[in-house]
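This report refers to the structure that appears directly beneath it.
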Amino acid sequence: MGNALTFLYGKCCKPTTTDESLAPHSVSASTVGVSALAHDLFNFENTSQVPQGLGRYVQSSRKAQAKWYRKILEAWKQAKPPPQTAEEATRLVTEVLQRNQKADVEGLLSFYGLPLPHTLVEHSTQGAPVSLPEGILFEFQTLPVDPKAVADGDTITVYVSTSEPVVASSVPKEVNLAAVQRAKAREQRNYPKADELHQKIIDSGYRVLNIKNEEVLARKFRIRLKGIDAPESQMPFGKESQQGLLKIVQWKSLKVLVYGEDQYGRCLGDLYCNGIFVQEEMLKKGLAWHYIACDKRTVLAKWEKEARQKRIGLWASSNPEKPWDWRKNNRRE
């Protein structure tokens, strides 16, 4: 049993209770649903018991349910890494139980608040390009994205280690010096001095981050996702769009291909997260518009059209207001 929790939860998910007061686990955040399922699988491995209350969501007997959990547990252990998101958990469960009744599979997923199979987005298989496409100025890999850094559905703030080649040569000498002095101040437990030096670093557009118990000097970048335009936070569906992007990128390292800067000093870029093209995900889920005025790529229009036809996301509304029209109508005089 030594590695059972690692097999089940991976590094980011923590076990959650299966108390009946939470049924069906009262999940809304994707990681909670995944964690609840992982917890029940761990419990099943120890007790051979399936969760109480599952019978209200499925038609098959508890004996059949036990067979499902045995199969899912085995697949979960073999997955490297184990599912970390709701979408990954749904794909695993659906694949394992593909020969079972549709109603039972969907009932099991609903019990954990996991997305149903027909709502999943199929991604392009090519992933991030191996060589830089035309128009790309440079690329970089970010440090894990803090959830607080996702402003809305098309803008995020990221940090890039100063060890990255694109950043290394441009770090101001005073920032490097302040980072060294801060480390010494912390060793001497002179925390007021360390905080003062860190503020100097922050004011210069950098920050010292603790990554896996190691302090990393990093440069701040604001990223505008090229080719999409999400509803503003004050608009209908603005919160849903922001949460959609958050679920994709939070605590993940991103590959960013940068085309240039916009008028606000933000990097215009394509984002890839674990091989997934983030703009594709946002468009196919109906979480953003194709911003055709700034990006003519036909594939973006194709992905938007798919979401429109399915009437998912913002397209569930018959005539959603375009964000560029909203900005024009709400521009401060």
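The values are calculated or read from the model by the stated rules, or taken from the named source; none is laboratory data. Quick caveat, the model's predicted, so the values are computed rather than measured. Every residue, glycine as well, gets a Cβ built from its backbone with ideal geometry; the counts of neighbours run over all protein chains shown. With ligands, DNA and RNA removed, areas are computed over all heavy atoms of the protein, side chains included. Shrake-Rupley method; radii C 1.70, N 1.55, O 1.52, S 1.80 Å.
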Please specify each residue of the stretch 309-323 satisfying the condition of being of a type outside the set (Val, Ile, Thr) and surrounded by 15 or more Cβ atoms within 10 Å (Cβ to Cβ).
Lys310, Gly313, Leu314, Trp315, Pro320, Glu321, Pro323
Output the residue which, of all residues in the stretch 93-108 that are closer than 27 Å to Val249 by Cβ and surrounded by 18 or more Cβ atoms within 10 Å (Cβ to Cβ), is modelled with the lowest pLDDT.
Thr94
Within the stretch 193-205, restricting attention to residues that are part of a helix (DSSP H, G or I) and touching a strand residue (DSSP E or B) at 6+ places or on another chain (Cβ under 7 Å), which residue is surrounded by the fewest Cβ atoms within 10 Å (Cβ to Cβ)?
His198
Pairs returned, first residue in the stretch 203-214 that is under 18 Å from Pro172 (Cβ atoms), second residue that is of a type in the set (A, V, I, L, M, F, W, C) and assigned to a helix (DSSP H, G or I), beta-carbon separation under 6 angstrom, 6 or more apart or interchain, are Ser204/Val175; Tyr206/Val175
Given Ala218, Ala288, Ala293, which one is among the hydrophobic types (A, V, I, L, M, F, W, C) and either open to solvent by 20 Å² or more (accessible area, probe 1.4 Å) or free of Cβ contacts under 8 Å to residues at least 12 places away in the same chain (or both)?
Ala293
Being closer than 18 Å to Ala86 by Cβ and among the hydrophobic types (A, V, I, L, M, F, W, C) is the filter; apply it to the stretch 228-247 and report the residue that is surrounded by the fewest Cβ atoms within 10 Å (Cβ to Cβ).
Leu246
Would you tally the residues in the stretch 59-88 being at pLDDT 90 or above, within 18 Å of Gly113 (Cβ to Cβ) and among the hydrophobic types (A, V, I, L, M, F, W, C)?
3
Name the pairs: first residue in the stretch 99-118 and closer than 16 Å to Ser61 by Cα, second residue part of a helix (DSSP H, G or I) and open to solvent by less than 40 Å² (accessible area, probe 1.4 Å), Cβ to Cβ under 6 Å, at least 6 apart or on different chains?
Phe111/Leu54
Can you tell me how many residues in the stretch 143-192 are part of a strand (DSSP E or B) and without any contact (Cβ under 8 Å) to a residue 60 or more places away in the chain?
1
Any residue at all in the stretch 138-159 that's open to solvent by 80 Å² or more (accessible area, probe 1.4 Å) and more than 19 Å from the chain's Cα centre (by Cα)?
no
By residue number, the members of the stretch 73-91 that are buried (at least 18 other Cβ atoms within 10 Å of the Cβ) and either free of Cβ contacts under 8 Å to residues at least 24 places away in the same chain or farther than 24 Å from Trp251 by Cβ (or both) are Leu73
Among the residues of the stretch 51-107, which ones are under 16 Å from Gly33 (Cα atoms) and hydrophobic (A, V, I, L, M, F, W, C)?
Leu54, Ile72, Leu73, Trp76, Ala86, Ala89, Leu92, Val93, Val105
